[in-house]
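Everything on this sheet refers to the single structure shown next.
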Amino acid sequence: MERSIAGTVTNSPEFEHELLDHDSIQQLEDEHGSSFYVLNVKKLRENYQKIDKAFRSRYANFIIGYSYKTNYLPYLCKELSKLGAYAEVVSRLEYDLALKIGEDPKRIIFNGPLKTIDDINYALTNKSILNIDSLYEIDFVKRFAARNPEVEVPIGLRVNFDISQNGFSALQEGYKYSRFGICVNNGNLEYALTELNKMENIRIVGLHGHFSTKDRSLESFKIITQNLCTLAKENIMNSLEYIDVGGGIYGELPKPYDMFVPTFDDYAETICGIMNKEFSDYHKKPLLILEPGVAMVANVFLFIAKVIESKKIRDDYFVLVDGSVHNVKPTMHKNNLPMKIVRRNHDGSKGKKVFNIVGYTCMEKDYLASEIKDRLPMKDDYIIFENVGAYTIVFNPPFIKERPGIVAMDNMEFTAARKKETLRQFFNDEIYVF
Ligand SMILES: *Cc1c(COP(=O)(O)O)cnc(C)c1O
């Protein structure tokens, strides 16, 4: 079996999807079309259990809130819910999806910068965990509290503080400041606390601190957790119920990435270490919430695309597949994903070539992979792209072609988790005017 990453080929016996040979993929093609995703359900369970164990073994009062936006395939969300994950949502759409899959509203964590007064009323009525992100939400919460004086209204605050290290921003894209949450440094947190505390029945029960950092480092989590603990002790000690450190941890990377990343145990050691130290003499330790997205789902999706033709343009080889860069890396970053070529004919093309894998759209930049060095894939071969579970199907634009199906694989049993889209769903006549 061959696999390629960043232009190199390695033989790795630990390839997870070894069992998907040309015959079995062809069978799946008959039912699901010539390109589709595969959800590895076993791997998903494994991820959940590994993260949960790493943290819970060090800090018992712990929950996982799965970040829906990373991949809100209902089948996947439901599976995680069954395992015990709470739903972490950042819009009413995601909130309603969580309800639709049968999630207990008390197990929904409602975050995000945009919430209407109706969203907030709904979440509070349902007793969901609500973290407000901006000052405008305070008024909505107070109005709810005023209308329901006999009800205790628990509320969490997403806070914004400096997490730079030695003067360098740790944030993605190098932004100096995060735009999310309520600023601690300029007095806004104090203002929010004062305003909310004016109502007898509002209790500020939690602090939330999610930051998207470049390197997902332990150092960043140390700063985030420490700040949250200190702020909680200083400001809401009597009502504190939870510390939510957000998401942003690395998951397990597939083998060919030779990159050092912290393990789940490393993150747990860092975060739980601080929690245990800060709350060592507390009888009832606050709940610790982690909101993993990438770490839970990146490595549980494959994308399989059929080779339509390999063509030569002057000196360069282009392998056209029934897929698009939008299916595998919607952000169009330049790195090649770990991948595998499943050949129909094992002694087809001889000798290695350098080639690009390109998609069906009309964009010049529709490259699923660049400058791969391997035997040239031929018509009717399949390319398997690995590690495509995070920010793919949720970002996949309805551009030129219907979105592909998603097949759930559980111990080599296959079921459709999403059917291939058709014209009828693509141009839904409940919303389009014909
Ligand atoms: C996106 C997001 C997450 C998940 O982040 P990952 O980097 O995918 O782990 C968690 N919490 C919040 C509030 C988010 O916006």
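The values are calculated or read from the model by the stated rules, or taken from the named source; none is laboratory data. These figures come from a predicted structure and were not determined experimentally. No Cβ is skipped: glycine too gets one built from the backbone with ideal geometry, and neighbour counts run over all protein chains shown. In case anyone asks, the SASA skips ligands and DNA or RNA and just uses the protein heavy atoms, side chains included. Shrake-Rupley method; radii C 1.70, N 1.55, O 1.52, S 1.80 Å.
Taking 16 Å as the straight-line reach from the Cα of K277, the lysines in range (excluding those fewer than 8 positions away in the same chain) are K222, K233, K285.
In the full protein context, the chain carries 48 Å² of accessible surface per residue, based on a 1.4 Å probe and ignoring ligands, DNA and RNA. Placing D315, D266 in order of accessible area, with the largest value first and a 1.4 Å probe, yields D315, D266.
When only Cα pairs below 8 angstrom with a gap of at least 6 residues are kept, region 41-297 shows a relative contact order of 22 percent. Placing unit charges on the Cβ atoms only, positive for Lys and Arg and negative for Asp and Glu, gives the chain a dipole magnitude near 300 debye about its Cα centre.
Which entries in K43/K115; K106/K198; K306/K352 show an alpha-carbon gap greater than 22 Å? Beyond 22 Å between Cα atoms: K43/K115; K106/K198. Of the residues L124, I406, V153, the one whose Cα sits farthest towards the positive end of the charge dipole of the chain is I406 (charges of +1 on Lys and Arg Cβ, -1 on Asp and Glu Cβ, taken about the Cα centre). Taking the protein heavy atoms of region 362-434 in the context of the full set of protein chains, the accessible area attributed to carbon and sulfur is 55 percent at 1.4 Å.
The magnitude of the dipole of region 58-109, with charges of +1 and -1 set on the Cβ of Lys/Arg and Asp/Glu and taken from the Cα centre, is near 80 debye. Among the listed pairs K69/K329; K53/K78; K53/K329; K42/K353; K334/K373, those whose Cα-Cα separation exceeds 27 Å are K53/K329; K42/K353.
When the chain is described by a simple charge dipole with +1 on each Lys and Arg Cβ and -1 on each Asp and Glu Cβ, the residue from S169, T270, P113 located farthest towards its positive end is S169.
Within the chain, the proportion of Cα pairs with more than 38 Å between them is 29 percent. Just how many % of Cα pairs in region 293-398 lie over 25 Å apart, if you round to the nearest whole percent? When all Cα pairs of region 293-398 are counted, 18 percent exceed 25 Å. Mind checking which of N227, P74, M296 is farthest towards the positive end of region 41-297's charge dipole, using Cβ charges of +1 (Lys, Arg) and -1 (Asp, Glu) about the Cα centre? Toward the positive end, the furthest listed residue is P74. Using only side-chain charges placed at the Cβ, +1 for Lys and Arg and -1 for Asp and Glu, the dipole size of region 41-297 relative to its Cα centre rounds to 520 debye.
Report, to the nearest whole %, how much of the accessible area of region 41-297 belongs to carbon and sulfur atoms, 1.4 Å probe, protein only. Ligands and nucleic acids excluded, carbon and sulfur reach 52 percent.
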